[in-house]
Structure formats: C-alpha cells, structure tokens
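To keep things clear, I will list the structure first and then write my remarks on it.
Just so it is clear, none of the values below were taken in a lab; they were calculated from the coordinates. Owing to the predicted nature of the structure, the values given are computational and were not obtained by experimental measurement. All Cβ positions, even for glycine, are placed from backbone atoms using ideal geometry, and neighbour counts span all protein chains on display.
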Amino acid sequence: MTRTTRRPAAEAVTFPTARQRPLDPPDELGRWRREAPLLRLAYPDGHLGWLATRFATVRAVLADPRFSNRAELTHVPVGRSARELSSLRFPPGMFLRMDPPEHTRYRRLLAGQFTVRRMRLLEPRIARLAAGLLEEMAAAGPPADLVRAYALPLPSLVICELLGVPYRDHDRFQRDSATLLGLERGPEEKIAALDGLLAYLADLVRHKRDEPGDDLLSGLVATGGLTEEEMTGVACLLLVAGHETTANMIALGTFTLLQHPDRLAAVRDDPDVATTAVEELLRYLTTSGRPAPRSRTSSWRGGPSGRGRRSRCRSPRRTGTRSGSTAPTSSTCAARRRRTSPSATACTSAWGSSSPGSSCASPSRRCCGGSPACGSPCRPARCPCALI
Amino acid sequence: MKVSADTEVCIAAGMCALNAPEVFDQHEEEGTVVLLDPEPPAELADKVRRAVQMCPSGALKLQE
C-alpha cells in the first residue's frame, strides 16, 4: 500500500462493468493494476472509497479481520445491483455478508455436510442426473439449447437433491431462482420470487422436521443448532449460491472449449484431463464478476496507506486472483494442466474473490503452483478486486 | 517431512483430504482437518506439498 496511490478525489474511478471482450474482465482493471495497487473509487451512492487492484493488496484486505464484510457496513460498488440488493431483505441464515463469529457459527454447522466424503457419495447421483438430461437432449434432436436443456437444470436438480426438494416442486424451484438471478428482472419481481422461495423453503424445513430424510436440510434440523427461520435462510443461500454460478460455468466452459478444438479434444480423449480442465476453466472464466466490498471496522488504526498493525491472519503460500495479481495476466485458457488451485467453489467465506491458487502455464509440466522452479509464468484467477 | 494442522484456522474447505487422503481427513461433523499422519513418508511428499499449498485458510504447516 504505497503513497503513490493517494490520488485526489477528483481522479476517483468508478467500477467498470462493460467488457471489451465477453470472456475477459474489463480492460481498465488490467490497466489500473499496472498503475497502482490502490485507487480512489467513487461509489454510486456518493461514497468515496478505495479499489484494490493487485493480488497482494486484495489478499491482504480479504484476509484482514479488521475489514468487515457485513452488508450494513459496506457500500455497494455497482449501481443497479446496489439498489436491488438493498431492496432485498435477507433473512437470518443467509450468511453471505457476515463476519466471524456469527459467520463461523453457520459455516461450522454446514461444513460437515460438504466434506470430500459426502461429496463422493453424491457423485453417482449427480452423474445420473447429468446422464438423464443429456439423453433427453439427444432424444429431442438438434438444434439444442445447452443452457435451457442442461446448464440451468443440472445444478438446480443437484440442489434439489441436496436439500431434499421433492421432484414435483422442481419446476417451481427453477422458475423462482431464475427470476431472482435474472439481470433483466426488476426489483419487484425479484422480491416476489425471493418471498415465494422463502415461503416454500420454510414449508420444506417444517416437513423435514416431521419426516426427516437423508438430505442436508434433515441433517441441519437434527443438529438442533438453528431456528426454523435460520434453516430457511441457509437453504435459500445454498440455492442461490450454487445455481447460476454452476450454470454459467457449464455454459461458458463448453463455449470456451468449443473455441479451442485442441483443448476440447484433450478433454474428450482423457478423462483425467477433464478434472484439471474444470479447475482451469473456473480460473479462466471466473463467473462471479462482482467485486467484493469490504469496510473498515472500528479496530482499524490507520488508513489504507497508513500504518495499521499487521494482519493476524495467516496467508496460504501461493495464491492468485487474475485481476489482482502482480503477475502478467494470461488471456489464454489451457485445458491440460495439473490441478493446482482450489476451485472457486472452495472459497465460500470470501465471496469467491480470493480463490487461492495459481497454475503453471506449461501444459507439459507437472504442476508446481507457480513456484520459482517452474520457470513458467503463473496464471492467476480473474476475480474482481476488493473495495474498501 | 512434518506436517501440522490448526483446526482453529481451518475453514473445512477439504482441499487437503482431496489431495492427500493418506495424510488428511475431515472431521465427520465439522468438516475440519484431521491429521492422520504428522510425519508422512517421502513418497507422499508431492501430494502433501500440494495439499498445504492449496489450503485456502493457511491452516497447514509444513516442515521439510
């Protein structure tokens, strides 16, 4: 955090959302990253804050407990969504914009439901759902709309499976969540969709209390650690967090591979490559394009360029966000590379903005996570920056 | 090679159990790291290094 970043307020930037190329983050972010680690940022509500552009700075902000993620303390950096978000009243249990220890309490109760062991148990069921959708698409014949026929329904069905939503309610579930996430929908429609979903999920929670199954909601009920309202909020968050993100990754990942026939062939020919290709596509596409806002808490002792005490948080050794890295960003996508980075989905607490890990650019080498021995440039993820 | 795990720092992402299941497991209820082998054999070194590198919370420490 250097002195050079102290620009006068008149030079404040606004957060760019227009992309010059559909799959790349806005060019301004790359240019600003080269210029300075911190820029003055003008928020749509008139607030003047900071934009962290480089990986080290973003990481430092996101890992520092003196920065708060609480919705009521942060300003929203992008205009339209700012109004939309503030008009949506999230119920208790939607623990997206919270700090420890409140956040930790919810996360602990849920973490056991998402262990590697549990996910492995879920795999065959997901494979069956995927195969079913592909068969339906093939039976319907060309032309096929991948988004409607596969990308959107698959994650929705998996979430239904996780939560234990009965099959007869799947259509309603999909319709409401699509409305809630649709960019073209107005705030009134979204509020109505959220209310509809919450009412449905509240019923579902009560049902699981009376007739528990082997699903996640029944498991949460059994812990006795959450109220009915909180469980409803948790269920809603899981739905919203996992639906559109996954659907976009499936669609955009397929699109990206179709544009690179050699990489597509590699994925097709070797099932082992598919796993690493998924990780690389997550890094490359970074579908959660919104920046992660943070605000300073009362325990702060200095400004962004002042001398606050050092963070108590430990940092993982090798991390990277594409738009926030000091390394040159890569605009190409390599399917064949060893897996090195935790997927974006593993990083729930930082809103996907600090997806750690960077990958080695050399397709033939064994991965080293970008260590000096690698000799190849790192390929950080392309996540947005944190805002203060 | 010696590994240590801090369950207070751990956020239960499970990357360690995914990358080096011989050395790391997850707590059945909380999902946090369970260290199975604090001194893993040399043939697991690469897997363990990757697990430590990929831990998003920095809960793992490696001494080589």
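Numerical summary
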| read-out | value |
| --- | --- |
| Under-5 Å amide H pairs with residue A:68, H placed in peptide plane, nonlocal only | A:295, A:296, A:297 |
| Contact order normalised by residue count of region A:79-289, Cα under 8 Å, 6+ apart, percent | 26 |
| Most to least packed among A:12-21, A:113-122 [average Cβ atoms within 10 Å] | A:113-122, A:12-21 |
| Given charges at beta-carbon only (K, R positive; D, E negative), |dipole| of region A:41-183 in Debye | 480 |
| Hydrodynamic radius by Kirkwood, which averages 1/r over all alpha carbon pairs of chain B, in angstrom | 11.2 |
| Assigned charges on the beta-carbon of Lys, Arg, Asp, Glu; region B:2-63 dipole about Cα centre (debye) | 360 |
| Shielding by partners, peptide B:3-16 (average Cβ within 10 angstrom, other chains) | 4 |
| For residue B:24, residues with placed amide H under 5 Å, excluding near neighbours | B:36 |
| Cα shape, region A:79-289, gyration tensor, a/c 1.5 rule | prolate |
| Note, ³J(HN,Hα) from phi for region A:189-194, Karplus 6.51, -1.76, 1.60, rounded to Hz, x at Gly and Pro | 4, 5, 4, 5, 5, 5 |
| Cross-link partners of residue B:61 among aspartates and glutamates (Cα-Cα below 16 Å; sequence separation of 8 or more within a chain) | B:6, B:8, B:25, B:37, B:39, B:46 |
